[in-house]
Amino acid sequence: MWFYVQHVLIPHQKADATLHGTPRGNLSDLYPRWLGARELLLHHRDPYSPELTREIQIGYYGRALDPSRPEDPTDQQAFAYPVYVVFLFAPTVDLPFPVVQSGFRWLLIFLTVASVVLWLYILRWRPSNATTISFVALTLGSFPVLQAIKLQQLSLLVAGLIAGCVALLAGGGFLLAGVLLALATIKPQLVLLVAAWLLLWAISGWSQRRNFVWGFVVTLTVLCAVGEYVLPGWLWRFREAVTAYRQYTGGAESVLDVLVTRGWGRALAALALLALALMGWRLRRVSVDSMAFPWMLSLTLAVTVLVVPKTAPYNQVLLLPGVLLIGRNWELLWGKDRLTRIIALIAVFLISWPWLAAGSLTVASLFLRGEWVQKAWTSPLYTSLAIPIAVVVLVSLGFGEAGNLKPKVS
């Protein structure tokens with residue numbers, strides 16, 4: 001997969017950009033957030049302003065976008081995050097961006113490795129060292145993670161914060177778990193569902209879990225309040241930035257929207273959310289020690305990937321706990337019934353296809369010229385949109401068996 005990205009995908013993108021005159025700068029998703037943090041904290045400039053958006057474009061694309069050029073990207077790369085994201089980058093605003101970029105890339109790699117280990121702990125799975133290393137290698141060698149690392153995407157940071165939050169809950173560290181979940185709201189669309197269920201779960205066991213709620217609420221309140229202090233009225237600016245983002249990207253679509261049209265996609269998303277809500281309500285008092293707890297979280301994160309208005313593969317890092325849970329309970333799923341076995345085989349094929357295709361391109365590169373191999377650059381991505389559905393279906397099928405829907409409660 002690393003070979004595919006470095007020697008097939010990126011060369012294709014560069015050749016295509018040269019052919020069409022598309023600008024290419026640092027192409028770092030970290031850059032708009034870092035530059036916004038630097039300009040706000042050091043020079044008191046509004047990161048949501050058109051002037052700063054233009055400066056972001058110069059760094060990200062290599063020049064400001066020109067609306068008169070039809071080949072220019074439509075994504076304005078404006079600062080479209082909650083303003084309190086700048087506090088995470090405050091220690092780096094005096095550093096040159098290449099240094100920050102390199103350090104952040106290694107941080108994402110570390111968080112990804114740690115996430116694998118933490119989810120294994122949460123699932124109470126103790127595989128051999130060789131198996132754990134294999135899981136880490138496969139995760140780092142998956143296209144969603146690779147894409148996120150190459151782009152320095154904050155989705156990996158959010159995924160790491162969520163894993164840390166759940167691991168702390170499993171270990172009894174409720175207050176700090178709430179703090180980490182609040183920090184993860186820098187990408188609210190990825191955290192909304194899991195935060196909603198965890199807060200419901202905590203309130204339903206208030207006497208034991210209230211510190212989690214206090215940690216989350218107090219931290220989020222402080223972040224919003226300090227954000228208001230450094231940039232008064234930031235919430236409205238953020239709302240306008242999100243609205244503008246939807247406009248210049250042509251209306252963000254979810255995985256379901258792309259697969260079955262927007263109308264049917266929204267209907268299916270509504271059904272998935274309703275089913276998730278009913279399941280979440282049923283399991284609101286489940287003990288953190290029960291397998292139903294990580295199972296519910298895995299399903300919630302997988303449904304998030306399905307319904308969030310973004311099809312970028314890097315958001316599929318949220319499928320990691322679901323994939324590990326499927327592996328953890330493979331024998332149970334395989335022994336359930338014939339239909340489940342067929343679905344499991346299809347899911348394994350869909351999940352494995354990117355590696356099979358990338359491996360084939362790597363072998364082909366030994367015998368064919370690079371430009372010929374690059375013509376097949378889309379092949380590892382053929383099953384990308386189907387993978388979240390496969391994970392949701394398999395996790396749902398195994399929920400009643402492995403989750404044991406009558407778990408001990410507290």
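What follows draws every value from the coordinates through simple rules; no lab data is involved. Computed from a prediction, not measured in an experiment: that's the story for all the values here. Ideal geometry is used to build each Cβ from the backbone, glycine not excepted, and the neighbour counts take in all protein chains shown.
Taken as Cα centroids, the stretch 341-399 and the stretch 62-132 sit 24 Å apart, rounded to the nearest whole angstrom.
Run the dipole for the chain about the Cα centre, Lys and Arg Cβ at +1, Asp and Glu Cβ at -1, nothing else charged, and hand back the magnitude in debye, nearest 20.
The calculation lands at about 1000 debye.
Once the chain from Asp337 to Leu192 is taken as fully extended at 0.36 nm per residue, the excess over their C-alpha distance is 48.8 nm.
Give me the base-10 log of I(q)/I(0) for the stretch 228-339 at each q in 0.20, 0.21 Å⁻¹, Debye formula, one uniform scatterer per Cα, rounded to two decimals. Summing over Cα pairs of the stretch 228-339 leads to -1.16, -1.19. The distance separating the Cα centre of the stretch 293-325 from that of the stretch 149-166 comes to 12 Å.
Over the chain, one equal point on each Cα, no solvent: what is log10 I(q)/I(0) by the Debye formula at q = 0.08, 0.12, 0.13 Å⁻¹? With one equal scatterer per Cα and no solvent, log10 I(q)/I(0) is -0.45, -1.06, -1.24. Label zone (Thr74, point 7 Å along Cα-to-C-beta; backbone nitrogen cut-off 13 Å) within the stretch 229-270: 245-253. Listing Arg209, Arg45 from fewest to most neighbouring C-beta atoms within 10 Å gives Arg45, Arg209. Counting other Cβ atoms within 10 Å as a rough exposure proxy, the listed residues Cys224, Cys165 run Cys224, Cys165 from fewest neighbours to most. Only one residue of Leu324, Ser68, His43 has its Cα farthest out toward the positive end of the dipole of the chain, where Lys and Arg carry +1 and Asp and Glu -1 on Cβ, and that residue is Leu324. Let me make sure I get this right: for the stretch 82-121, a, b and c are the square roots of the gyration tensor eigenvalues over alpha carbons, sorted descending. Under 1.5 in a/c it's rounded, otherwise prolate if a/b > b/c, else oblate. Which is it? The shape class here is oblate. Screening the chain for whole DSSP H helices of 27 Å or more along their axis (Cα) with average Kyte-Doolittle hydropathy at least 1.6 returns 97-122. Amide H contacts of Lys187: none lie under 5 Å away among residues 5 or more positions distant or on a separate chain (H built 1.01 Å from N in the peptide plane; Pro and chain starts excluded). The slack in the chain from Phe110 to Tyr229, taken as 0.36 nm per residue of separation less the alpha-carbon distance, amounts to 39.6 nm. FRET efficiency for the pair Arg126 and Leu356, taken as 1/(1 + (r/R0)^6) with r the Cβ-Cβ distance and R0 = 35 Å, rounds to 0.75. Which longest run of the chain has no exposed loop site in it, a site being chymotrypsin sites (Phe, Trp or Tyr not before Pro) in a DSSP loop with at most 14 other beta carbons within 10 Å, and the site itself not part of the run? Free of exposed loop sites, the longest segment is 1-366. Projected label points at Val393 and Ala244, each 7 Å from Cα along the beta carbon direction, are separated by 4.2 nanometres.
Given R₀ = 30 Å, what would the calculated FRET efficiency be for Arg63 paired with Leu95, taking r from the Cβ atoms and rounding to 0.05?
Once rounded, the FRET efficiency stands at 0.80.
For the pair Ser207 and Leu278 in one chain, pulling the backbone fully straight at 0.36 nm per residue adds 23.2 nm over the alpha carbon distance.
As a rough footprinting exposure proxy, the listed residues Ser102, Ser115, Ser28, Ser396 were ranked by other beta carbons within 10 Å of their own, and the order from fewest upward is Ser102, Ser396, Ser28, Ser115.
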